[in-house]
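First the structure, in the form of structure tokens, and then the observations on it.
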Amino acid sequence: MNVNTVFSDFIVDIKTMMAGYLAPEKISNFLVKGTKIILILVIAKIAIGITNTLIDKFIDSKDMFKLKIDDSRMSTAKGILKSIIRYTIYFIAITPILAEINIDIKGLVAAAGIGGLAIGFGAQNLVRDIITGFFILFEDQFAVGDYIEVDGKTGIVEEMALRITKMRDFNGDLHIIPNGAISKVTNRCRGNMRAKVDMSIAYEENIERAIEALNRASEEIKKENHDIIEGPTVLGVTNFGESDVVITTIAKVRPMEQWAVERAMRKKYKEIFDREGIEIPYPKRVIYNQTVDNNKDI
């Protein structure tokens with residue numbers, strides 16, 4: 001068999017194959033199937049758009065339904081619902097598309113079941129993270145913007161997803177924690193927070209005079225600072241140090257404002273102590289300098 005014969009046979013096979021594909025019946029069948037596939041994809045896209053619009057309208061009208069849920073939680077729920085519905089519609093749409101291109105759906109489902117079982121054993125942590133994320137979201141354990149403590153890490157929640165939680169501490173470090181690893185959460189943003197300031201005076205000072213000065217300063221702070229909800233209240237003497245008497249003052253403030261209020265309280269208390277001449281003790285060192293007379297007989 002020479003080369004010309006092989007090449008001629010190859011050309012004949014190509015022409016026969018092309019004739020089969022270019023037959024009017026084949027072209028008509030391809031056009032029908034292609035049109036169906038395009039129509040299915042268009043319907044799926046329209047369905048996703050409609051459901052996203054409905055979700056947005058429902059979430060945005062939470063006030064009409066008197067749902068007492070903060071905006072951060074609703075935004076998280078909106079994204080989760082859209083994601084679930086999008087993948088569900090895609091899964092429903094792919095079934096008739098596979099049927100149009102003559103792929104055995106039953107065999108594919110069986111293979112997917114076996115593969116899914118194998119993947120499931122390796123994806124237990126992923127499932128646990130997602131389930132825990134749902135409980136965190138709907139039990140309102142914390143939300144974006146809250147100051148929380150998780151497993152010894154403290155910070156402000158920057159992102160709350162279905163699988164992970166991201167929070168940034170005051171050093172700027174970003175902690176990414178899988179939701180399944182969250183076993184105990186301390187939320188420091190729910191309800192009123194406490195601002196506490198300890199002021200020290202010398203043992204020689206009059207305690208009643210110092211408390212009276214702190215009370216006057218507290219009244220001034222309350223009028224000036226709108227983040228204070230209750231107080232400041234002077235509790236009185238709470239401790240005796242080596243060289244000082246400690247007087248404690250507390251106040252109820254808005255969440256995340258306790259540090260700013262404490263700074264304002266310390267500033268005001270220091271100023272009134274200076275005006276009243278009340279001593280705040282601090283370490284002192286006394287040096288005795290003795291002059292030796294070299295001309296003195298020893």
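Taken over the stretch 179-192, the criterion of being buried (at least 16 other Cβ atoms within 10 Å of the Cβ) and closer than 20 Å to ASN125 by Cβ is satisfied by ASN179, GLY180, ILE182. Considering the stretch 132-173, and only residues there that are in contact with a Ser or Thr (Cβ under 9 Å, 6 or more places away or on another chain), of a type in the set (Phe, Trp, Tyr) and touching a residue at least 24 places away in the same chain (Cβ under 8 Å), the residue that is farthest from ILE84 (Cα to Cα) turns out to be TYR147. Of the residues making up the stretch 254-276, those that are farther than 16 Å from VAL234 by Cβ and of a type in the set (A, V, I, L, M, F, W, C) are MET256, TRP259, ALA260. Once the stretch 213-263 is narrowed to residues that are basic (Lys, Arg) and under 28 Å from GLY155 (Cβ atoms), the residue that is surrounded by the fewest Cβ atoms within 10 Å (Cβ to Cβ) is ARG263. Contact map, the stretch 254-271: residues that are over 15 Å from ASP227 (Cβ atoms) paired with residues that are hydroxyl-bearing (Ser, Thr, Tyr), Cβ distance under 8 Å, separation 6+ or inter-chain. Pairs shown: TYR269/THR249.
In summary, MET256 fulfils each of the numbered conditions (1) under 18 Å from ALA213 (Cβ atoms); (2) modelled with pLDDT under 85 with the single exception of condition (1).
Taking the conditions exactly as written (within 12 Å of the chain's Cα centre (by Cα), outside the structural domain of VAL246 (by TED's automatic domain parsing), over 25 Å from LYS267 (Cβ atoms) and among the hydrophobic types (A, V, I, L, M, F, W, C)), does ILE182 satisfy them or not? Criteria not met by ILE182. All of ASP140, ASP129 fail the test of being within 14 Å of ILE177 (Cα to Cα) and modelled with pLDDT under 80, apart from ASP129. Within the stretch 151-162, being of a type outside the set (Ser, Thr, Tyr) and either out of contact with any Asp or Glu (no Cβ under 6 Å at 6 or more places or on another chain) or surrounded by fewer than 16 Cβ atoms within 10 Å (Cβ to Cβ) (or both) holds for ASP151, GLY152, LYS153, ILE156, GLU158, GLU159, MET160, ALA161, LEU162. Yes or no: the stretch 258-272 includes at least one residue that is more than 15 Å from VAL197 (Cα to Cα) and out of contact with any Asp or Glu (no Cβ under 9 Å at 6 or more places or on another chain). Scanning the stretch 258-272 turns up no residue that is more than 15 Å from VAL197 (Cα to Cα) and out of contact with any Asp or Glu (no Cβ under 9 Å at 6 or more places or on another chain).
Here is a yes/no grid of residues against (1) at pLDDT 65 or above; (2) aromatic (Phe, Trp, Tyr); (3) not assigned by TED's automatic domain parsing to the domain that holds LEU39:
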position	(1), (2), (3)
ILE80	yes, no, no
TYR90	yes, yes, no
GLU100	yes, no, no
ALA118	no, no, no
VAL144	yes, no, yes
ALA161	yes, no, yes
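The values are calculated or read from the model by the stated rules, or taken from the named source; none is laboratory data. Nothing here was measured: the structure is a model prediction, and the numbers come from that model. No Cβ is skipped: glycine too gets one built from the backbone with ideal geometry, and neighbour counts run over all protein chains shown.
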